[in-house]
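The values are calculated or read from the model by the stated rules, or taken from the named source; none is laboratory data. As the structure is a prediction and not an experimental result, all values here were calculated from the model. When we count neighbours, we look across all protein chains shown, and the Cβ atoms used for this are built from the backbone with ideal geometry, even at glycine.
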Amino acid sequence: MNLRWLYLFLAIVLVLWVLIPIFLIATLAFSDRPSVFAWPKGLLPLQFSLETISFFFGVEGVWKAIRNSLTVAAMTLVFSVLLGAPAGYALARYRFAGADAYRLLILMTRAFPLAILAIPLAVQFIQVGIYDTAFGVALVHTALALPFAVLVTSSLFLGIPKELEEAAWTLGCNRIQAFLRVVLPLALPGLAATAIFAFVISWNEVFAATLLTLRERTLPAFLLTSLNDSPLPFRFAGGFFLIVPALIFIFIIRRYLFTLWGIANR
Amino acid sequence: MRSERYIPYVLILPSVLFLLFLFAWPLLEALLLSVRGSGGQWTLENFQRMAADLYFKDAVKYTLLLTVVIVPLQVVMALGMAMLLGGISKGRDLFLYVWTIPLGISDLAAGIVWLAIFTERGYLNSFLQGIGVIQQPQLWLSYETPWMIFLAVVAAEVWRATAIVFVILVAGLQLIPKEYGEAAEVFGARPWQRFWKVTLPLLMPSLQVALILRTILALEVFAVVVALGGRNLPVLAGEAYYWYNAYQNPGVAAAYAVIILGISVVATILYLRLMRSKQEGAA
């Protein structure tokens with residue numbers, strides 16, 4: 001019986017370990033300037049104020065960076081679902097020569113460091129003329145999200161009985177109709193979770209985004225390149241703002257998290 | 001009816017083309033970039049410049065050290081969390097949600113969060129002052145105290161990326177049939193024995209995935225370090241970034257990238273070898 005309490009205690013300690021730093025950065029983001037520089041600081045909120053956060057949004061370039069981040073993430077989402085879902089469907093529904101090789105290709109791409117992609121692509125993008133564009137960054141982010149999208153959607157489609165589709169065929173649907181009317185509605189929540197994950201991958205990525213942009217920075221790239229010469233309140237508000245979508249997204253996809261990863265990692 | 005054998009190939013074709021363009025080709029380009037001079041001739045000049053650079057040795061040292069410290073910590077912690085979850089009945093979903101929050105937090109954001117704790121007037125110093133250890137704010141994250149930057153990076157990375165390992169391991173645990181554990185229990189195995197003899201060997205594939213993934217990501221550590229220490233704690237990915245961005249030298253930057261890739265490949269092969277033999281030993 002005592003063991004139960006020990007487990008619970010440890011679990012709560014781990015919850016605090018995750019939450020306290022988030023609480024602290026939120027506190028700083030919502031205090032006034034003197035409080036951010038105050039010494040010593042108390043654990044509890046200082047003076048609630050929108051000064052820091054509005055200062056952050058008032059800095060020139062921040063809104064543009066947010067817009068760029070959203071554009072890149074949206075493109076990444078669309079590309080990785082459009083390219084990934086058909087491949088996932090193929091892996092789930094067909095046996096074909098080369099399926100294993102394809103699976104291996106997908107897994108291998110996850111084992112490459114980003115620097116090896118970003119540097120030559122930056123050089124090439126300048127020549128092709130897509131350097132410093134949302135599209136260029138989205139391509140690299142799609143390369144990161146695509147392997148994940150393929151494996152996850154393949155597990156999704158595997159989970160939808162093939163019989164349902166076959167029944168639709170016998171009722172007069174062709175393959176495409178059967179897919180659209182029977183499979184797609186069932187797969188939609190999982191596809192949405194996959195899409196959200198692609199979005200988060202892009203929203204968070206900084207190395208490639210920094211190398212591939214100059215003026216059209218995404219928010220992380222903008223923050224990173226201005227870290228050295230920006231005041232602490234700006235950094236703290238920026239750090240907090242980066243985290244907010246994460247909290248929401250993980251909440252939305254929490255039901256899918258383990259199924260997604262479990263199968264994506266086999 | 002027409003043969004439909006071509007359908008799966010049509011379906012995978014776009015992604016294959018995309019990966020060839022965005023993975024295979026840049027990989028080749030990076031290798032070429034690193035062994036070519038500005039005039040296009042074959043040369044080891046880039047690697048020589050890299051090796052002769054002031055930051056190179058430290059970058060290798062700190063990158064490897066960070067990996068060696070962070071990854072085992074995360075695996076042990078995530079394993080503990082995964083097992084802990086099995087012992088909790090109430091509020092399981094809440095714990096799951098909170099523990100996986102860091103999954104969505106970026107390395108840059110994590111670095112900034114821990115900067116708020118480690119900075120001169122931050123929470124660590126406030127705490128130390130509160131318990132009477134220090135009187136005045138201490139400067140922790142300076143070039144004079146790289147070990148403290150190191151610790152801050154470890155804290156931030158463990159805080160952020162343990163969740164990934166945790167999710168992989170929990171997903172792996174779900175794949176293990178309950179019967180194995182129950183059978184062991186029938187034969188009188190204690191919880192500890194069940195963990196070592198049944199759960200852990202069966203969890204090996206997931207552990208392998210987690211180790212490979214986390215090691216590769218740890219070798220690429222970048223934004224956390226920049227946020228916490230700037231260049232006072234040089235790391236390989238950071239040097240690649242500086243050489244590309246600040247010095248406008250893609251050749252040397254590519255050389256750094258190749259080094260990161262090289263270490264990643266060696267580590268991956270090691271994991272695959274070592275853990276396969278262990279699995280066979282257990283079976």
(message) Can you pull out every residue in segment B:163-208 that is crowded, with 16+ Cβ neighbours inside 10 Å and of a type in the set (S, T, N, Q)?
(response) B:T199, B:S206, B:Q208
(message) Every residue in segment A:49-64 that is of a type in the set (V, I, T) and part of a loop (DSSP other than H, G, I, E, B), please.
(response) A:V59
(message) Please go through segment B:27-40 and give me each residue that is in a loop (DSSP other than H, G, I, E, B) and not β-branched (V, I, T), ordered by number.
(response) B:G37, B:S38, B:G39, B:G40
(request) Could you check segment A:153-266 for helices (runs of 4 or more DSSP H) lying wholly inside it with 2 or more residues that are more than 9 Å from chain B (Cβ to nearest Cβ)? (result) A:162-170, A:175-178, A:184-204, A:207-212, A:219-226, A:232-253
(message) I'm checking my understanding of the structure. Among residues of segment B:143-176 that are within 14 Å of chain A (Cβ to nearest Cβ) and not in a helix (DSSP H, G or I), which one is modelled with the lowest pLDDT?
(response) B:I176
(message) Within segment A:68-80, does at least one residue satisfy the condition of being of a type outside the set (G, A, S), within 11 Å of chain B (Cβ to nearest Cβ), in a helix (DSSP H, G or I) and closer than 27 Å to A:L107 by Cα?
(response) yes
(request) Scan A:A11, A:A65 and give me the residue that is facing chain B (nearest Cβ under 9 Å) and modelled with pLDDT of 85 or more. (result) A:A11
(message) Being out of contact with any Ser or Thr (no Cβ under 6 Å at 6 or more places or on another chain), buried (at least 23 other Cβ atoms within 10 Å of the Cβ) and free of Cβ contacts under 8 Å to residues at least 40 places away in the same chain is the filter here; which residues of segment A:113-140 pass it?
(response) A:I116, A:P120
(message) Can you pull out every residue in segment B:41-95 that is in a loop (DSSP other than H, G, I, E, B) and within 13 Å of chain A (Cβ to nearest Cβ)?
(response) B:G87, B:I88, B:S89, B:K90, B:G91
(request) Please go through segment A:119-143 and pick out each residue that is more than 8 Å from every other protein chain (Cβ to nearest Cβ) and under 19 Å from the mean Cα position of the chain (by Cα). (result) A:A134, A:F135, A:G136, A:V137, A:A138, A:H141
(request) Could you check, for segment A:23-32, whether at least one of its residues is among the charged types (D, E, K, R), part of a helix (DSSP H, G or I) and either over 27 Å from the mean Cα position of the chain (by Cα) or at pLDDT below 90 (or both)? (result) no
(request) With the condition kept exactly as written, say whether any residue in segment A:57-75 is closer than 30 Å to A:V182 by Cα and among the charged types (D, E, K, R). (result) no
